[in-house]
1. If a residue must be open to solvent by less than 20 Å² (accessible area, probe 1.4 Å) and not in a loop (DSSP other than H, G, I, E, B), how many such residues does the range 56-104 contain?
2. On the given criteria, is residue 304 among the polar types (S, T, N, Q), open to solvent by 10 Å² or more (accessible area, probe 1.4 Å) and either under 22 Å from residue 246 (Cα atoms) or over 21 Å from the mean Cα position of the chain (by Cα) (or both)?
3. Does residue 252 satisfy the criteria of being surrounded by 15 or more Cβ atoms within 10 Å (Cβ to Cβ) and either at pLDDT 85 or above or in a loop (DSSP other than H, G, I, E, B) (or both)?
4. Can you confirm whether the range 206-228 contains a residue that is open to solvent by less than 50 Å² (accessible area, probe 1.4 Å), of a type in the set (Gly, Ala, Ser), out of contact with any strand residue (DSSP E or B) (no Cβ under 9 Å at 6 or more places or on another chain) and modelled with pLDDT of 85 or more?
5. Which of the residues belonging to the range 347-361 are part of a loop (DSSP other than H, G, I, E, B) and closer than 11 Å to residue 327 by Cα?
6. Can you name every residue in the range 385-398 that is touching an Asp or Glu at 6+ places or on another chain (Cβ under 7 Å) and either open to solvent by 40 Å² or more (accessible area, probe 1.4 Å) or not in a helix (DSSP H, G or I) (or both)?
7. For residue 406, which of the numbered conditions (1) more than 17 Å from the chain's Cα centre (by Cα); (2) surrounded by fewer than 16 Cβ atoms within 10 Å (Cβ to Cβ); (3) within 28 Å of residue 345 (Cα to Cα) fails to hold?
8. Is it the case that residue 418 is over 27 Å from residue 438 (Cβ atoms) and either open to solvent by less than 30 Å² (accessible area, probe 1.4 Å) or out of contact with any Ser or Thr (no Cβ under 8 Å at 6 or more places or on another chain) (or both)?
Amino acid sequence: MKPTYLMDDIQWQQLIQNVADHFNDVTIKRGFQYFKQGKVKEFVMPDADHIAAVVDGSELYEVDLHLSAFAASRCTCPVHTNCKHMIAVLLNYANEQERSVHALVNAHSASFTRLATQSDVRTVPPSRSNLSPDHKETTRNALSKTASKIPDMPISEWHDLFDQCIALNRVNTQNSQYVQSALASIYALKPPLSPGMQQLYGLHAHLRVLEKLVPQSPMPGYPSHTYMGYYTQIAADELKEAIERDFESPLGLTDEPMQEARMAETLAYLRRKMLTESRNGTYFSDAYYQFWLHWVHPERQDSSIYTEELQHLQAAEEDLGTTLARLPWMLARSWMHIYQFQDNEAWVLLQEAERAFPLKISSNQLLLFLQALRKAEDWARLKDGLQHIGPLLHSHRDDHLQDYIHDWDLVLQHLPDAEQDMWDTLVGMLPFAGGMYEEALLAHEKWRSWIDYQLSIRSEPLSFRVSVLQPIEKNAPELLLPFYHQAVERYVLEKNRASYKAAVKLLKRLFKLYKKMKQESRWDLFFTAFTSRHSRLRALQEELRKGKLLS
């Protein structure tokens, strides 16, 4: 069913800019998870500017969005505005409008290039695209004849064929349409292939088109940024997702004589592209790791292939010289040490990479190490990996930290004695991992430690949902007393009407706590002293009477 109100290109670009202006990356990624999980339960557009929706979060939240007045948009969640629930609704809106969800998820990358117009995207040299229709048809026939020999051709010749197909495209501007046209030309020539070869064919089609979009390292050593145009980056990100899907299915292995050679050639191609990739992104690096994780490692029981790969990586320093991208090179070597059970060497190299390139290692790359150990179900090694990887996540805030703590939960299921190691590691990751630390304390019912942490960072009790504090109130209500008392005194010291109202709200909670603990006499002593001490604050006295704490 088509949406009632259709946005035009100008409105779409404005929406991307609004998302970049109003939401941070962590919120966008969390909202993307909500969208993927189908948590947008209701979605209506009363008019072209207004969206009303319901999102299933900790409870059902109502989202009210005004597309041309973002500041007026609201959500009934505790954050109220610029929250993950709003992002989930906006992504649902983009999806209904048949716009690229990925463009909104990457709104900050898009806004860096100032919502580039067609003039800022790189274009492909016209080459064969200007050939006459007859000449093009003759060329296609010749390419089809060559393509029939693909089962007997090495990968390098596949790439030559793909390049000739791409050169025939009418679309020269590097955007999503260019990618679709290029892939259509390549797939049109594909002859009947075995399942495994068909998977390789699809992977290399995606990789070769991606290579046309992503600039390689032009500078000596590890390069400075080489920025892609806005539409080019969207197309590259969509191709990256397609490559990830290529690896979702296990490779269909066959006894074809060239199968092993094609795998080796694929690996050599990915290695070289990774080691010469610019800082634009980790497109080929990610493909390299996914290739190992899903298509190589599950099928290879001997360690010789990892030893050989490490040798290739070590030789690359001399082979590539100043064009070597050193960070991907160091990470790949560390990865190979993990596969060879040389964990100490892996962690030393990883720490060297962090020192050489501070804040440059992505959380995705770090968590891939843990993914490899998790797939091996070697819980002692995974625990060791978590202890080494955790401190390196300091530049990523809450991004992907849920995956990290999930791995700790797995370890504790199999190694209960490792719990203290987990707490020591999490404490060492403070303050950047504060949110994850708090959630872990609550999940493990460490009520006192949770309260001590909140007191140390001067948290506001009223900022927490009732559902967070209820288990503590039920199991250890006395722990909440200093938490509430300190906050009440801070509110009163602010000496304004809003803070007095907040103080009264907490005082009412304190009264219920003392009553629940059957210590009403302690409450009476405290409250008498409190009202006497602040008797000159008339506004506070008024709020106490409104709250029916004073007669």
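1. 16
2. On the way: among the polar types (S, T, N, Q): yes; open to solvent by 10 Å² or more (accessible area, probe 1.4 Å): yes; either under 22 Å from residue 246 (Cα atoms) or over 21 Å from the mean Cα position of the chain (by Cα) (or both): yes.
Judged against the criteria, residue 304 is a match.
3. When the stated conditions are applied, residue 252 does not pass them.
4. No, because not a single residue in the range 206-228 is open to solvent by less than 50 Å² (accessible area, probe 1.4 Å), of a type in the set (Gly, Ala, Ser), out of contact with any strand residue (DSSP E or B) (no Cβ under 9 Å at 6 or more places or on another chain) and modelled with pLDDT of 85 or more.
5. Taking the range 347-361 first, the residues part of a loop (DSSP other than H, G, I, E, B) are 357-361.
The answer is 357, 358, 360, 361.
6. Filtering the range 385-398 for residues touching an Asp or Glu at 6+ places or on another chain (Cβ under 7 Å) gives 386-387, 392.
Answer for the range 385-398, where residues must be touching an Asp or Glu at 6+ places or on another chain (Cβ under 7 Å) and either open to solvent by 40 Å² or more (accessible area, probe 1.4 Å) or not in a helix (DSSP H, G or I) (or both): just 387.
7. (1)
8. Working: over 27 Å from residue 438 (Cβ atoms): no; either open to solvent by less than 30 Å² (accessible area, probe 1.4 Å) or out of contact with any Ser or Thr (no Cβ under 8 Å at 6 or more places or on another chain) (or both): yes.
So residue 418 does not fit the description; no.
The values are calculated or read from the model by the stated rules, or taken from the named source; none is laboratory data. A quick note: this is a predicted structure, and the numbers were derived from the prediction, not measured. With ideal geometry, Cβ positions are generated from the backbone for all residues, glycine too; neighbour counts draw on all protein chains shown. We work out accessible area using only protein heavy atoms, side chains counted, and drop any ligands, DNA or RNA first. Shrake-Rupley method; radii C 1.70, N 1.55, O 1.52, S 1.80 Å.
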